[in-house]
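> To start, I am sharing the structure in question, which I have written as structure tokens.
Please treat every number below as a calculation from the coordinates, not as lab data. In this text the structure is predicted, and so the values were computed from the model without any measurement. So basically every Cβ, Gly included, is an ideal-geometry build from the backbone, and we count neighbours across all protein chains shown.
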Number of protein chains: 2
Amino acid sequence: MSDKHMTRSTPEKRPFEDAVSRLREAELRPTRQRLALARLLFEGGNRHLTAEELHDEARQADIKVSLATIYNTLNQFTKAGLLREVTVESGRAWFDTNVSDHHHFYAPETGELIDIDLANIAINGLPAAPAGREVERVDVVVRLKPAD
Amino acid sequence: MSDKHMTRSTPEKRPFEDAVSRLREAELRPTRQRLALARLLFEGGNRHLTAEELHDEARQADIKVSLATIYNTLNQFTKAGLLREVTVESGRAWFDTNVSDHHHFYAPETGELIDIDLANIAINGLPAAPAGREVERVDVVVRLKPAD
DNA sequence: GTACGTGCAAACGTTTTGCAGCGGG
DNA sequence: CCCGCTGCAAAACGTTTGCACGTAC
């Protein structure tokens, strides 16, 4: 086996490989743009972003991506289960890199979203879903306002 | 006390008077359009409507109202506490004539919203609001899908 | 009469789409 | 080489706004 194409696995390299395999598992071709966006999204913990915010981040990181591609990518990632869409406001979609079952605090004035772990919360006595339907997901949004 | 301005309270007359006083209490001038919309909204129990749906209903009832006025009116009614805005989908605002504290089932395919009474549901263990903030409202949305 | 409401059309912000060209496998 | 992806611009969508006119009080 030639080592002509082999590269040493440096610590800095890891995220790149992670992003590649993440995309492959989701059956999405690891294109330049998707890789770049995946790294922005998934490095550095749980994040809540709008399309516009991700676009700005990409620009700041000197990644050339059109807003249309941002939207396409966010929707594809969501469909593939890599992201979760959070609906707290009509007129703006938020995307959450935390795809586990959880809930949110939402502060309208700042647009801030804060995760609430499922372990912290119990919902009892929910009526059964109407006939012919089943529950897909329960979303709890705790709307905040500045304290008096 | 003169009965000069008194009108016999016929069953058909009530809703009109109700709508008038409802608007007066909310400090909104009872104009032709606001009255007509108020009657469409508040007669016949709890309703969940989008602006577009209310506009269509008005057209069918031969009420001439522009879409802009529908939006203005829905927002004014909401601010006045006569309606409640329900956010279940980014890109479309729903208005609920039930302003009491309650939650919703939501069926995306049909756009159907079904009230869940607060009595039926208990939420325990919610973390405290972050510092400097307080909880304004807790919204629970149970997203439905067609049964398998 | 006057302040407020309405209608219309145009502007807005977000999201989607159509199509020519690029690039990953 | 081929099919899927990207970029751009334009369109679509729900919603808001500016301004002239109308109307409740």
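> Shortest first and in nm to one decimal, what separations exist between A:GLU112 and its copies in the other chains, measuring from label points 7 Å along the Cα-to-beta-carbon line?
Result for A:GLU112, in nm, nearest copy first: 4.0.
> Please build a GNM for chain A, connecting alpha carbons under 10 Å apart, and tell me which residue among A:GLY132, A:GLY111, A:GLY44 fluctuates the most.
A:GLY132
> Separate question: Find the Cα radius of gyration of the range A:22-97, compare it with 2.2 N^0.38 Å by division, and give the number to two decimals. Before the final figure, lay out the partial values.
On the way: Rg = 11.6 Å, N = 76, 2.2 N^0.38 = 11.4 Å.
Against the empirical 2.2 N^0.38 Å value, I get 1.02 for the range A:22-97.
> What length, rounded to one decimal in nm, is gained on full extension from B:LEU126 through to B:VAL138, with 0.36 nm per residue of separation minus their alpha-carbon distance? Could you put the intermediate results ahead of the total?
On the way: separation 12, 0.36 × 12 = 4.32 nm, distance 1.01 nm.
Fully extending the segment from B:LEU126 to B:VAL138 adds 3.3 nm.
> Volume per residue, Å³, of the convex hull around the alpha-carbon atoms of the range A:50-142? Kindly include the intermediate steps, with their values, before the conclusion.
Details: hull volume 12.8 nm³, N = 93.
Spread over its residues, the Cα hull of the range A:50-142 gives 138 Å³ apiece.
> Would you please give the residues with an amide H less than 5 Å from that of B:GLU136, counting only those at least 5 places away or on a separate chain, with H modeled from the backbone geometry?
Sorted by chain and number, the residues that satisfy this are A:ARG143, A:LEU144, A:LYS145.
> Using modelled amide H (1.01 Å from N, peptide plane; none on Pro or chain starts), what sits under 5 Å from the amide H of B:ARG84, excluding residues fewer than 5 places away?
Excluding prolines and chain starts, which carry no amide H, the hits are B:ASP96.
> Can you compute 3J(HN,Hα) from phi for each residue in the range B:87-99, using the Karplus curve 6.51 cos²θ - 1.76 cosθ + 1.60 with θ = phi - 60°, rounded to whole Hz and x for Gly and Pro?
For the range B:87-99, the Karplus curve yields 9, 10, 8, 7, x, 7, 9, 10, 10, 10, 6, 8, 8 Hz.
> Next question. Taking the square root of 5 times each eigenvalue of the Cα gyration tensor, what semi-axes in Å does the equivalent ellipsoid of the protein assembly as shown have, largest first?
Details: eigenvalues 458, 88, 68 Å².
With the √(5λ) rule applied to the protein assembly as shown, the semi-axes are 48, 21, 18 Å.
> How large is Rg over Rh for the range B:84-134, taking Rg from the Cα atoms and Rh as the Kirkwood inverse mean of 1/r across Cα pairs? List each step's numbers first, then the result.
Values: Rg = 13.7 Å, Rh = 13.2 Å.
Radius of gyration over Kirkwood radius for the range B:84-134 works out to 1.04.
> Taking the Cα centre of the protein assembly as shown as the origin, how large is its charge dipole in debye, to the nearest 20, when only Lys and Arg (+1) and Asp and Glu (-1) carry charge on their Cβ atoms?
Working: 40 positive and 48 negative charges, 148 e Å.
The dipole magnitude comes to about 720 debye.
> For the range B:16-143, give the magnitude of the charge dipole about the Cα centre (Cβ charges: +1 Lys/Arg, -1 Asp/Glu; no others), in debye to the nearest 20. Please list the in-between numbers first.
Values: 15 positive and 21 negative charges, 102 e Å.
Computed about the Cα centre, the dipole is about 480 debye.
> Further, regarding this structure: Using alpha-carbon pairs under 8 Å, 6+ residues apart, how would you state the relative contact order of the range B:16-143 in percent? The partial results should precede the final answer.
Details: 129 pairs, mean separation 23.7, N = 128.
After rounding, I find 18 percent.
> Helix A:67-79 versus the longest principal axis of chain A: what angle, 0 to 90°, nearest 10, using Cα atoms?
Between the helix axis and the principal axis of chain A, the angle is about 70 degrees.
> Taking a label point 7 Å out from Cα toward Cβ, give me the nm distances from B:ILE63 to the same spot in the other copies, shortest first, one decimal.
Output for B:ILE63: 4.9 nm, nearest copy listed first.
> So what are the ³J(HN,Hα) numbers for the range B:135-141, from phi and the Karplus equation (6.51, -1.76, 1.60; θ = phi - 60°), rounded to whole Hz, Gly and Pro as x?
Couplings: 6, 9, 6, 10, 10, 10, 10 Hz.
> What size of dipole, in debye to the nearest 20, comes out for the range A:20-59 about its Cα centre when the only charges are +1 on Lys and Arg C-beta atoms and -1 on Asp and Glu C-beta atoms? Before the final figure, lay out each step's value.
Working: 8 positive and 7 negative charges, 54 e Å.
The dipole magnitude comes to about 260 debye.
> Compute the Rg/Rh shape ratio of the range B:47-88: radius of gyration over Kirkwood radius, all on alpha-carbon atoms. The partial results should precede the final answer.
On the way: Rg = 10.5 Å, Rh = 10.8 Å.
Computed over Cα atoms, the ratio is 0.97.
> What residue among B:ILE123, B:VAL140, B:GLN60 has its Cα farthest toward the positive end of the dipole of chain B, where the charges are +1 on Lys, Arg and -1 on Asp, Glu, each on the Cβ?
Positive-end residue among those listed: B:GLN60.
> Would you calculate a helix-derived [θ] at 222 nm for chain A, using -39,500 (n - 2.57) for each DSSP H run of n ≥ 4 and dividing by the full residue count, to the nearest 500? Walk me through the intermediate numbers first.
Numbers: 4 runs with 46 residues, N = 148.
So the calculated ellipticity at 222 nm is -9500 deg cm²/dmol.
> Calculate one ³J(HN,Hα) per residue across the range A:104-113 by plugging θ = phi - 60° into the Karplus curve 6.51 cos²θ - 1.76 cosθ + 1.60, and present them in order as whole Hz with x for glycine and proline.
9, 8, 9, 10, x, 5, 9, x, 7, 10
> Also: Using a Förster radius of 30 Å, what is the FRET efficiency between A:ASP56 and A:ASP115 based on their Cβ-Cβ separation? Nearest 0.05, please.
Values: r = 22 Å, r/R0 = 0.74.
Given R0 = 30 Å and the Cβ-Cβ separation, E is 0.85.
> Quick one: among A:GLU57, A:GLU43, A:GLU89, which has the greatest mean-square fluctuation in a GNM of chain A with alpha-carbon springs under 10 angstrom?
A:GLU89
> Choose one of A:VAL88, A:ASN98, B:LEU35: the residue whose Cα lies farthest towards the positive end of the charge dipole of the protein assembly as shown (beta-carbon charges +1 Lys, Arg; -1 Asp, Glu; about the Cα centre).
B:LEU35
> A follow-up question, please. Report, for A:VAL135, each distance to the same residue's label point in the other copies, shortest first and in nm; define the point 7 Å along Cα→Cβ.
1.8
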